[in-house]
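Inspection log for the structure reproduced underneath, given as structure tokens.
Read-outs: derived from the displayed coordinates by stated rules, not from any lab. Keep in mind it's a predicted model, so treat the numbers as computed, not measured. Cβ placement follows ideal geometry from the backbone for every residue including glycine, while neighbour counts extend to all protein chains displayed.
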Amino acid sequence: MSDHSGTSARVNGRASAGPDLTPRADREGTAAPGRAGGRGACIVEASNLTRVFPMPSGPVAALRGASIRIAAGEYVAITGPSGCGKSTLLHLLGCVDVPTSGSVRFEGRDVAGLSESERARLRLMRVGFVFQRFFLLPMLDARENVELPQAEAGVPPAERRRRADELLAYVGLAERARHRPAQLSGGEMQRVAIARALANRPALLLADEPTGELDEETGEQIAALFDRVNADGTAIVLVTHNLQLAARAGRRLAMRGGRLEP
Amino acid sequence: MTARTLAWRAMTADPARATLAVAGVAIIGALLFDMLLLSRGLLVSLRQMLDSAGYDVRIVASEGFPIRLPVDHASAVAADVARLPEVRAVAVVRTDRAILFGRGDPIEATLLTVSRGAEAQAWRLVDGENLPADAGSPDRPPPAVIDRALAEALGLRPGAPLWLRALLQGEASALPAVRFRLVGIAEFATAESGDHTVATTLDGYRRARTAGASDDAADVILAASRPEVGAARAAAAIERARPDVRAFSNDQVVARFNENGFAYFRQISVVLSSVTMGFAVLLVATLLTVSVNQRLGEVAALRALGLPRRRVAAMLAWESACVVGLGGALSIPLGWALAVRLDHILRQIPNLPERLHFFVFEPELAAWHAALLGLTAAAAAAYPVWIAARLPIAETLRQETIS
């Protein structure tokens with residue numbers, strides 16, 4: 001049985017052996033000086049976010065004044081009905097989108113002040129994404145998929161291969177390193193996607209319905225993996241309909257009509 | 001993992017699509033290659049043909065070259081030209097039409113005579129003997145050399161008698177047939193497709209024309225300039241010495257053809273090249289766009305993971321380059337094979353010099369071909385790259401998840 005107790009039980013060091021998941025020290029200036037740090041330090045802080053999408057039938061507000069603060073090492077689950085703005089909030093926290101109003105400060109830096117390429121660099125080095133539909137590159141094998149973000153980050157080939165193998169072993173797929181996504185099951189693909197998200201030792205792992213495409217047993221395995229990743233030091237924010245998965249998080253938030261509720 | 005590696009993997013991940021794309025580009029590239037060969041082929045071939053004659057200046061009578069009028073008093077003109085210090089050698093070329101009689105049906109042919117010493121440039125002997133240097137006895141039939149096809153058609157071999165009746169322009173062909181003796185069989189430099197040639201000495205030529213031999217006209221007089229002088233200066237010197245003729249260097253002849261008759265081929269080539277390039281751009285752009293649209297989720301995910309726009313753009317540009325590069329490499333041998341076949345067909349046009357080719361390879365054409373295909377690859381990648389670069393990441397991820 002995995003540990004469901006959230007962050008508080010894991011604050012002292014890593015919970016498991018395996019690859020180093022400790023968020024890398026910010027060496028590229030993506031964080032404001034003195035703001036990135038150990039557990040408890042703020043990774044991302046969103047204030048009064050609104051996000052309005054122009055639609056043919058008129059503008060639709062997906063977020064209406066949402067605010068949230070994610071600390072290092074935290075495990076936060078956001079639940080809510082479809083269309084309530086969960087994914088939109090996740091995208092704003094992960095700097096793939098910008099709010100219509102309000103602000104997002106990632107490790108002390110106002111995301112609105114970053115250029116597109118600076119935001120891409122920030123995502124590459126500080127954020128990991130896990131998607132409902134995995135989005136692995138089908139022409140690459142599992143190891144190469146995990147190597148890809150490291151390659152972009154300039155990690156030397158030998159080092160990234162070693163880390164990819166470590167991460168695949170960590171997610172229980174050491175024997176499947178040379179398999180392409182088409183040769184893997186849904187659960188295995190999601191585990192590769194988690195390994196890929198952890199490749200550059202991000203400060204924050206964002207997961208959008210990570211068990212949405214999986215059966216209950218496989219979903220349980222993925223949930224256990226998230227527990228382990230968090231126990232080893234990575235902050236996680238996941239949005240899900242799965243209340244069992246959400247229950248494993250240290251902090252649970254509900255979302256309704258574009259607003260966060262405790 | 002470079003953009004090039006990702007592009008190659010993406011391309012080979014779908015072998016059927018990649019094969020279709022490469023085959024399409026290979027065929028279009030072959031057509032483009034042929035258009036390039038055609039664009040200057042005739043000019044290059046003409047130049048090679050002119051240069052191979054060993055004379056670099058052509059002397060004609062009329063202003064309106066290349067429409068030719070006979071050069072009157074050719075012997076006197078040739079003698080004057082030969083005396084010029086800028087000129088190394090002179091040859092007088094006379095032609096007419098004649099009907100030949102052998103063992104088979106009568107055959108019409110070009111009757112050719114060149115001044116002594118110019119035979120080696122005018123034809124290459126393949127059987128028998130060449131025309132004798134001396135005039136020979138007036139009682140003896142004059143000698144003749146004919147092309148191989150004519151010899152076969154007439155059923156003649158060297159040593160056989162040959163009857164020839166000259167056809168004079170504007171006059172009834174009432175000239176009697178004159179007996180010649182066939183001394184050799186040759187390949188003629190100026191042979192035209194679908195036509196035959198019979199060469200004889202100046203004496204034989206005059207005896208064939210009998211009653212019509214009152215003039216001393218030549219079709220063209222050829223001159224070879226001294227190397228230290230050059231063809232252009234020699235041509236100018238000839239015109240100064242003989243204001244009644246026009247002299248053109250081979251460069252000038254080629255330039256005139258380039259401005260007049262052969263310009264059509266260049267224009268056709270430009271139009272067809274543009275069309276083929278357009279097809280290539282459309283083909284590759286369509287396949288890449290379809291491919292990108294199938295991979296929007298992956299592209300958005302890559303961007304979300306932190307791969308910058310330029311990386312995704314470079315990946316697609318390389319994918320286009322791989323398709324066009326492979327197709328382009330295959331298009332060269334394919335285009336060459338097609339060019340050989342098309343050249344063979346076009347050279348069946350009657351009265352075309354046999355040594356003239358429509359499709360001629362020049363090394364710089366390969367560079368042009370590569371450059372145009374590179375341009376095609378860039379143009380084809382532009383739209384899919386734009387799609388991928390402008391992709392709204394969050395919106396695309398949401399759409400892909402919902403779909």
Relative to the first principal axis of the alpha-carbon coordinates of chain B, what is the inclination of helix B:309-346, with its axis defined by its Cα atoms, in degrees from 0 to 90 and to the nearest 10? 20
At 0.692 mPa s and 37 °C, plugging the Kirkwood radius over alpha-carbon pairs of segment A:106-259 into Stokes-Einstein gives what diffusion coefficient in µm²/s? 204
Dividing the Cα radius of gyration by the Kirkwood radius, what Rg/Rh value follows for segment B:215-324? 1.47
Translational D in µm²/s for chain B (Stokes-Einstein at 25 °C, 0.890 mPa s, Kirkwood Rh from C-alpha pairs): 96
TM-like helix rule applied to chain A (DSSP H, alpha carbon span at least 20 Å on the long axis, mean Kyte-Doolittle at least -1.0) gives A:216-231
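Can you tell me the dipole magnitude for segment B:72-244 around its Cα centre, using point charges on the Cβ only (Lys, Arg +1; Asp, Glu -1), in Debye to the nearest 20?
On the way: 20 positive and 24 negative charges, 71 e Å.
That gives segment B:72-244 a dipole magnitude of about 340 debye.
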Segment B:SER193-B:ALA263, length gained on full extension (0.36 nm per residue, minus Cα span): 23.0 nm
Put +1 on the Cβ of each Lys and Arg and -1 on the Cβ of each Asp and Glu in chain B; which of B:VAL323, B:GLN48, B:PRO363 then has its Cα farthest toward the positive end of the dipole? B:VAL323
Please name which of B:ALA224, B:ALA3, B:ILE99 has its Cα lying farthest along the dipole of chain B towards the positive end, using unit charges on Cβ (Lys, Arg +1; Asp, Glu -1) and the Cα centre as origin. B:ALA3
Just how far, in whole angstrom, is segment B:279-343 from segment A:82-138 if you go by their alpha carbon centroids? 31
Report, in degrees rounded to the nearest 10, the 0 to 90 angle that the Cα long axis of helix B:74-83 makes with the longest principal axis of chain B. 70
Semi-axes of segment A:134-223 from the Cα gyration tensor (sqrt of 5 times each eigenvalue, largest first, whole Å) come to 21, 14, 11
For chain B, the longest principal axis of the Cα atoms and the Cα long axis of helix B:263-294 enclose an angle in degrees, to the nearest 10, of 20
Over the Cα atoms of segment B:95-249, what is the Rg over Rh ratio if Rh follows Kirkwood? 1.01
Which distance in nm do the two modelled labels at B:THR2 and B:THR286 give, with both placed 7 Å along the Cα-to-Cβ direction? 3.2
Bin width 5 Å, alpha-carbon pairs only: give the P(r) of segment B:262-367 as whole percents, running from 0 to the bin holding the largest distance. 2, 9, 12, 18, 14, 11, 9, 7, 6, 5, 3, 2, 1, 0
Work the Kirkwood hydrodynamic radius out for chain A: mean of 1/r over every pair of different alpha-carbon atoms, inverted, in Å. 18.4
Is segment B:1-40 rounded, prolate or oblate when judged by the Cα gyration tensor, a ≥ b ≥ c being the square roots of its eigenvalues, rounded requiring a/c under 1.5 and prolate requiring a/b larger than b/c? oblate
I need the Kirkwood Rh of segment A:212-262: take the reciprocal of the average 1/r across all distinct C-alpha pairs and report it in angstrom. 12.0
For chain B, what is the calculated [θ] at 222 nm in deg cm²/dmol (nearest 500), taking -39500 (n - 2.57) for each run of four or more DSSP H residues and dividing by its residue count? -18000 deg cm²/dmol
By its C-alpha gyration tensor, with a ≥ b ≥ c as the square roots of the eigenvalues, how is segment A:54-108 shaped: rounded for a/c under 1.5, else prolate for a/b larger than b/c, else oblate? oblate
Run the simple label-point estimate for B:TRP163 and B:GLN294 please: 7 Å along Cα→C-beta, distance reported in nm. 7.7
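If R0 is 45 Å, what FRET efficiency do you get for A:ARG251 and B:ALA16 from their C-beta distance, rounded to 0.05?
0.35
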State the Kirkwood hydrodynamic radius of the protein assembly as shown in Å, one decimal place, computed from all pairs of distinct Cα atoms. 31.6
What is segment B:35-147 by shape, rounded, prolate or oblate, if you read a ≥ b ≥ c off the alpha carbon gyration tensor as root eigenvalues and call it rounded for a/c under 1.5, prolate for a/b larger than b/c, and oblate otherwise? oblate
Can you find, among A:GLY108, A:ALA142, A:SER185, the residue sitting farthest towards the positive end of the charge dipole of chain A, where Lys and Arg contribute +1 and Asp and Glu -1 at Cβ? A:GLY108
Taking amide H positions as placed 1.01 Å from N in the peptide plane, with prolines and chain starts having none, which residues 5 or more places from A:MET255, or on another chain, fall under 5 Å of its amide H? A:THR79, A:GLY80, A:GLU261
Can you figure out the FRET efficiency of B:ASP72 with B:GLU152, using R₀ = 30 Å and their beta-carbon distance, to the nearest 0.05? 0.20
Show the residues, 5+ positions off or on another chain, whose built amide H is closer than 5 Å to the amide H of A:ALA207. A:VAL130, A:VAL237, A:LEU238, A:VAL239
Kindly provide log₁₀ I(q)/I(0) values, in the same order as q = 0.12, 0.16, 0.20 Å⁻¹, from the Debye equation applied to equal alpha-carbon scatterers of segment B:273-330. -0.35, -0.58, -0.80
Would you mind putting B:95-104, B:321-330 in packing order, based on average other-beta-carbon counts within 10 Å, highest first? B:321-330, B:95-104
